[in-house]
Amino acid sequence: MRVTGMYGGGSKPVSRFKKDSRAAAGNWTLSAQLPKEAKKPGCEDRVATLTQTDNGELVLLIDAVAAGDRDAFGKLYQRTAPKLFAILLRILRNRGTAEDALQDVFLKIWQNAGSFSAEAGPPMGWLISVARNRAIDILRRKNPAEPAATETADIFANIADTASGEEQMTERAALQHCLETLEEQARACILLAYYEGYSREELANRFGRPVGTIKTWLHRSLALLKSCLEATT
Amino acid sequence: MTGEIDMQAAEYILGTLSAEERSAFEALMKSDASAQRAVEIWQRRLAPLNVPLGEVAPPAHIWQAITQALPAPSDNTGPALLLLRRSRNRWRLGALLAGAIAAGLAAFSIDRALIVPNEPQGSYLAVVNRSGDQPALIIRVDLATRTVFVRPVATNVPQGRSLELWYIGSGLSPKSMGLIDKTERNIPLPESAPIEKANFAVSVEPPGGSPSGAPTGPIVYSGQLFKE
């Protein structure tokens, strides 16, 4: 649903308080009645998937965790651990390592919840950053990484799949489109790095190119992605 | 920001920096806000890559291990923390309302409104997101103590204007609850104000608030209080 407010679009009249009459102590008409909007059919369905989980409630949970609230910590874990575990499993490629990492990640979340700032970005993004940072730190200290058990070539094609919910579809479709505009090897570098945790050296081995070339590829691809995303969204 | 910092931020999020480069960049992020910001932007750019990964339930022993590793609970948590905890418990008794105010109010849109069953007791949390972002403003109303707790999350007050919060009881004139800025506030609900069908609204007003005591500017957000 979309509720367009004051200056938005230009076609919709600006919402204002309108006093209908002086009788009956004044009747006030309001725009964008939240409950009416929220109770539209279909909204309940969207609550079911984690990625649809409202950011606001995650913000409240992280706030409560920062205050030392263990119940909230348990709820945050229930809500987000399956997603973070999937990410850790993918990049670490080892179940035991991923399980240990998940523990580390939630202990970090417990310790650092106070540093989360909702203004810096969505709460799920912050949680994913904590998980990915932990995973990458583990991978970079270990050499070499375990061989990839899975291929990343086509997984990005599902970024904008509606089976994964429909939230942030604009951003998802834009990223999928912009990845498609990259050359195949350049795209593979990005995806192997993000999904499988490949270092520049590992990418160099994989593609039989010098590390310096890989770095150039990465920078060129990232710059192309950036300008494509900025043009698309 | 320089292109070099932006590329390091991109590679930091991508994960291709070496251990040394990662450490060095993390140190830079602590002192350089533009590096920090670049990382946040790249994180968001690439975040959709996580969507196809789905979810995998971790084994139950992980949570046990986490709780065992937590420091022992302390009673000496200080008044601020106690306040937060109390208020959290009060949400269950009361109602929650969350609203969004447009950043800069240039193109305000609310993409989604969700109701999430929050507690088995049946209290509800309502959240309106702006373009899938975090809510700008969270308003919690505790019916037991008749307190309105206003927490700006990402509120952007338009330049040269003020945002004013209004309580509108059913059939009553809007009553000002004060201006909204970057600080959290507890406001007592107006004496004997009816809660049934009460609305909250935020309007854009001249600096310092409405001169007339009634809303004069456009409403950027309004929402009705949920009854448990």
Just wondering, is there one or more residues in segment B:197-208 that are modelled with pLDDT under 65, farther than 30 Å from B:Pro48 by Cα and exposed (fewer than 15 other Cβ atoms within 10 Å of the Cβ)? yes
So which residues in segment B:16-62 are facing another protein chain (nearest Cβ under 7 Å), within 18 Å of A:Leu191 (Cα to Cα) and part of a loop (DSSP other than H, G, I, E, B)? B:Thr16, B:Ser18, B:Gly54
Among (1) in contact with a Cys (Cβ under 9 Å, 6 or more places away or on another chain); (2) more than 21 Å from B:Met7 (Cβ to Cβ), there is one condition A:Thr162 misses while meeting the rest; what is its number? (1)
Pairs needed: first member in segment A:89-117, among the acidic types (Asp, Glu); second member anywhere, outside any helix (DSSP H, G or I); C-beta distance under 8 Å; at least 6 residues apart or different chains. A:Glu99/B:Pro58; A:Glu99/B:Pro59
Look through segment A:162-180, keep the residues that are more than 7 Å from every other protein chain (Cβ to nearest Cβ) and over 26 Å from A:Leu218 (Cβ atoms), and return whichever of them is surrounded by the fewest Cβ atoms within 10 Å (Cβ to Cβ). A:Thr162
For residues that are of a type in the set (S, T, N, Q) and touching a residue at least 40 places away in the same chain (Cβ under 8 Å), tally how many sit in segment A:156-167. 1
Hits in segment B:213-228 - residues which are within 18 Å of B:Gly160 (Cα to Cα) and at pLDDT 75 or above: B:Pro215, B:Thr216
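The values are calculated or read from the model by the stated rules, or taken from the named source; none is laboratory data. Predicted model only: the values in this text are computed from it and were never measured. All Cβ positions, glycine included, derive from the backbone under ideal geometry; neighbour counts span all protein chains shown.
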